[in-house]
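Encoded as structure tokens, the structure appears first; notes follow it.
The values are calculated or read from the model by the stated rules, or taken from the named source; none is laboratory data. All values derive from a computational prediction rather than experimental measurement. Neighbour counts run over all protein chains shown; Cβ positions are idealised from the backbone, glycine included. All accessible areas refer to the heavy atoms of the entire protein, side chains included, with ligands and DNA or RNA removed. Shrake-Rupley method; radii C 1.70, N 1.55, O 1.52, S 1.80 Å.
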Amino acid sequence: MSDVLRLDGGGDTLLVGVREGRPSIDYWGPALPNGSVADPRLLERAVSHGMLDRGEVFSLFPESGWGFTATPALQVSRPDGRFITQMTSQGVRQFAGGIELALADNRAGIETTIRIDMDASTGVVGFRTTLRNADPEPLRVDWISPVALSAPDGDILGFGGRWAREFSRHRFRLASGLWASEARTGRTSHHAPPFLVAGEAGFDEHHGEVLGLHLAWSGDHRMLVERLRDGRMQVQAGELFWPGEIILGTNETCETPTLYAARASDGLNGLSARLHPFVRDQILGDRLRRKPRPVHFNTWEAVYFRHDLVELKALADRAAEAGAERFVLDDGWFRGRNDDTAALGDWTPDPAKYPDGLTPLIDHVRGLGLEFGLWVEPEMANADSDLLRAHPDWILGEPGRVQPLGRGQYVLDLTRPEVSENLFAQLDTLLAANAIGYLKWDMNRDLTHPASGGRPASHAQTRAVYALIDRLRAAHPGVEIESCASGGGRADYEILRRTDRIWTSDCNDPIERQSIQQAFSIFFPPEVMGAHVGPADSHTTARTATLDLRAMTALLGHMGIEADVRAFSPEEFEALRAAINQHKRLRPLLHSGRLVRQTPADPGAIAFAVVGEGEALASLAQVETPRIGAAAPFRVVGLEADVTYEVRLINPPRRPRASMKQIPALARGETLQATGQWIGQVGLPMPILRAGEIAVFHLTRNPA
Ligand code: DGJ
């Protein structure tokens, strides 16, 4: 039997061929003419001596049993010792925008269904696989990747990081062997988020064939790139199961997370041009479109655990004057919470700090015209909490074992219905009793003992977290939720399906933020990227930054303030207010436009543009001392070539003579006109920026 199934989307064609009972991707690239049929001999490969007679049998779902000697997409076993699988196609089903491939191995007693959906407008493809145990014996599943994809042979761009320095990139070539990135921390993680870009050698922001992968999963996971013995490269991604975690009884199924993949011929920007609209339409489900993202004021770096009603009201007053539209009361508000050693689990206001509950503060905040938001960390409990005193057995782990703690806290076992029920009831009561429009949902501990009822339960815990959020959302559809895990430790498309923004990083230092935001922006659009103006002295890096750099860096995302604004000098406060005003004016563009990362001539600079219809914003931040003496023009690529723009520098240097004796017109506060073509080719004259300075240009279609 031989079938070729075709999907089209975003100007791409994907052909899935089924030959000898096995599916494979025959073609994935720019759209093929309608009706084009490839001669199957085009897909033949020579086989060298020293290998199996059929060579590496690499398919969409490669199995050792068919002669694939690298990591197979499926690793299972049975108590009676059976572990070999040889699945063959049982039929295909094509429907609008997707394909379902059914495979089975009767002798192994397993069935799988691979579902492939291609988004018609962006070409982003989602792969998801379901495995069913059709045998009387239990089936242990050690590994299942929804599919294995062949990667362009060249460079791999991986993502790593740490607390307060998320989304750092590393790039490498894999000459041979296997590279894997794993998270065993019960969250998407700071150090190994399940994202990857594989591309042709030398790909960059603007050039090169690239394949971007994003596993939509917020728990333990593994992503691998492997050089096959015949020179090809495969990539896989799936959940990381703890030993014996997934054992399927007869007729039981398990479903993989969705592996999203997109390709582009024009580098990382081409990838983002597909992924951002996909996230906007399909992941966020259109719920943020045309809904202005309110500017936040967050209390964390302003007061930490020191909650004093009078002080908080004063902060809210000042935040409102600065232009904030939502006040988020961070950690420290609940019973007994004076530092990070106690109280998680008891979600009622601390009577010492809030003798009349949260209402007086909420009324005050809302009276100022701001929405009220609240920090919670529902999955956790401290030993010193009423919750754990009453239910010491409600935590994940093995009874009697001392587990390493993080921030002194335990992870609650949400797989137990009574625990999830209790948390739902506490949060539901909180939301029903108070006018809360927003929850910042935090998760601050690595999960190292994910055991429930004597068995590993990391998978079930992640699903239970999703279920709890889903239930709360259904009960309180008007409440928005932010995903946070010690900053950006839980940033992925599956959590984003049920949340409205991501707290990108606890680092508010704009120098670090520029590159954190740069890497974050490959997969996520700006409106979900929490970005705050912090204090002048960064609490995480001890670096000092000007208000201009802090504000112009936060302006590019979902903007907020996270500092004691009462301590700002009048000059600084005024500049903050002006920047927030700018953000509000520009927000329709920033939160719907096409983000194009730029490549400035100076390697010590980071630059972005957001391009809308007849309007664009372009920023260039000098994060290191310039290596080029006479600032090279800023070539902004991605603009509308034929449009003549009026260009204005929205933040002209306050003391231009400090770095220049000849000052270009834009830096003198004048406006210029140029076409998109000119600006992309020749560039905008730049002021000389010193390390820590930024230039932000606003471009509007010239009506003349
Ligand atoms: C970690 C978060 O990332 C911070 O923004 C803050 O909410 C603290 N937790 C509070 O404990």
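Quick notes on this structure:
- Only Cα pairs under 8 Å and 6+ residues apart enter the sum, and on that basis the relative contact order of the chain stands at 10 percent.
- Taking the charge dipole of region 348-433 about its Cα centre, with +1 at Lys and Arg Cβ atoms and -1 at Asp and Glu Cβ atoms, the residue from Pro351, Pro404, Leu430 reaching farthest to the positive side is Pro404.
- Rg/Rh ratio calculated on Cα atoms of region 107-232 (Kirkwood radius): 1.00
- Residue-averaged 222 nm ellipticity for the chain, from DSSP H runs of 4+ at -39500 (n - 2.57), nearest 500: -5500 deg cm²/dmol
- Percent accessible area from carbon and sulfur atoms, region 549-704, protein chains only, probe 1.4 Å: 51
- Per residue accessible area in Å² of region 628-687, where ligands, DNA and RNA are left out and the probe is 1.4 Å: 56
- Direction-averaged projected area, Cα convex hull, region 47-112: 5.9 nm², rounded to one decimal.
- Value of D in µm² per second that Stokes-Einstein yields for region 398-491, Kirkwood Rh from Cα pairs, at 10 °C (1.306 mPa s): 109
- Dipole magnitude of region 572-662 about its Cα centre (Cβ charges: Lys, Arg +1; Asp, Glu -1), debye to nearest 20: 360
- Note on Lys440: lysines with a C-alpha under 28 Å away, same-chain residues under 8 apart excluded, are Lys291, Lys313, Lys353, Lys584.
- Pairwise Cα inverse-distance average, inverted: Kirkwood Rh of region 578-626 (Å): 11.7
- In terms of overall dimensions, the C-alpha atoms belonging to region 445-512 reach 46, 31, 16 Å along their principal axes, ordered largest to smallest.
- Region 143-215 - Rg (one decimal) and Dmax (whole number), Cα, Å: 12.9, 36
- Accessible surface of region 19-82 [probe 1.4 Å, protein heavy atoms]: carbon and sulfur percent: 55
- HN-Hα J in Hz across region 246-255 - Karplus 6.51, -1.76, 1.60, θ = phi - 60°, x for Gly and Pro: 10, 10, 8, x, 4, 6, 7, 10, 9, 10
- Toward the positive end of the charge dipole of the chain, with +1 on the Cβ of Lys and Arg and -1 on the Cβ of Asp and Glu, the farthest Cα among Leu240, Ile688, Pro603 is that of Ile688.
- Cα convex hull, region 167-292: 166 Å³ per residue, rounded to a whole number.
- Remark: the chain projects, on average over all directions, an area of 32.9 nm² (convex hull of Cα atoms).
- Pair-distance distribution P(r) for region 281-417, from all Cα-Cα distances in 5 Å bins starting at 0: 2, 10, 16, 18, 14, 13, 12, 10, 5, 1, 0 percent.
- With the largest listed first and rounded to whole Å, the semi-axes of the equivalent ellipsoid of region 600-648 from the Cα gyration tensor are 24, 11, 8.
- The chain, dipole about Cα centre (Lys/Arg Cβ +1, Asp/Glu Cβ -1), debye to the nearest 20: 1220
- Region 545-704 shape via C-alpha gyration tensor axes, a/c threshold 1.5: oblate
- Based on the Kirkwood approach, the hydrodynamic radius assigned to region 500-615 is 14.5 Å, with every pair of different Cα atoms included.
- Here the peptides 440-446, 17-23 are ranked by packing, the mean other Cβ count within 10 Å, and the order with the highest first is 440-446, 17-23.
- Rounded to the nearest 20 debye, the dipole magnitude of region 191-301 is 460 debye, with +1 charges on Lys and Arg beta carbons, -1 on Asp and Glu beta carbons, and the Cα centre as origin.
- Label point distance in nm, Thr359-Asp339, each placed 7 Å from Cα along Cα→Cβ: 3.4
- Efficiency of FRET between Arg45 and Val4 - r from beta-carbon atoms, R0 25 angstrom, step 0.05: 0.90
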